[in-house]
Amino acid sequence: MVNTALAPTRVEPGDDAEVSSEVDAARLRGLFAAHYQFIWRQLRRLGVPEHAVEDASQEVFLIAARKIGPVAKQRERAFLFQVVLRVASDSRRFSRRHPDVAGAQEFPDLVDPLPTPEELIDLQVARSALDRIVAELPLDVRAIFVLFELEGMSGREIADLLELSPGTVASRLRRSRDMFETAVRRYRTRAERGRQP
């Protein structure tokens, strides 16, 4: 559920933003309500650590507040996804440069009390493995893999969102699947070796 309390409602002059009217503020609130969950998921799947996703999501909308003005309504989602790619890239760069800061802020996931402890462990291991494997994909193919395989978007929707030709999307999707399968095989081999006495 979208936390509307976090939706940007006004921009302070010191924020260097260009939201110039009530219409722009209403548009920004609409963008937040319509796309916040999508943006949160994409940031997480593009490698932003879980503890940093909330701040990264807010950064996406702060950038949108400054730049969305000339963007046509039908291009809003594509524009936001381009911002997501930039913010995710910046976040990963920061984590690589400051691993002590990134690691110190990690918190354990909140768990649903319904599954058994064994099921929770299995789910956590599987999710962690998926995150690591997807993180090994280069960003250009990772974005397409995530949108197609995890978000369930069609090739045409992805092409429109990323402003790529359908052929480019198809070739990057094939490449991402090959790379994903190779990474899964490596992961399984390492796991099998780890279980050997």
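Any read-out appearing in this document is the output of simple, stated calculations on the displayed coordinates, not a laboratory observation. Quantities reported herein were computed from a predicted structural model and do not represent experimental measurements. Cβ placement follows ideal geometry from the backbone for every residue including glycine, while neighbour counts extend to all protein chains displayed.
Things worth noting here:
- Taking the number of Cβ atoms within 10 Å of each Cβ as an exposure proxy, the fewest-first ranking of 154, 95 is 154, 95.
- Inter-label distance, nm, simple model (7 Å from Cα along the C-beta direction), residue 184/residue 121: 2.4
- Most tightly packed first, judged by the mean number of other beta-carbon atoms within 10 Å of their residues, the peptides 181-187, 168-174 read 168-174, 181-187.
- Straightening the chain between residue 136 and residue 26 buys 35.7 nm, computed as 0.36 nm per residue apart minus the Cα-Cα spacing.
- Backbone N within the range 57-84 under 14 Å of label point (7 Å from residue 168 Cα along the Cβ vector): 82
- Separation between Cα centres of the range 124-176 and the range 21-96, rounded to whole Å: 18
- Nearest-0.05 FRET efficiency for residue 193 and residue 90, computed from C-beta distance (R0 41 Å): 0.70
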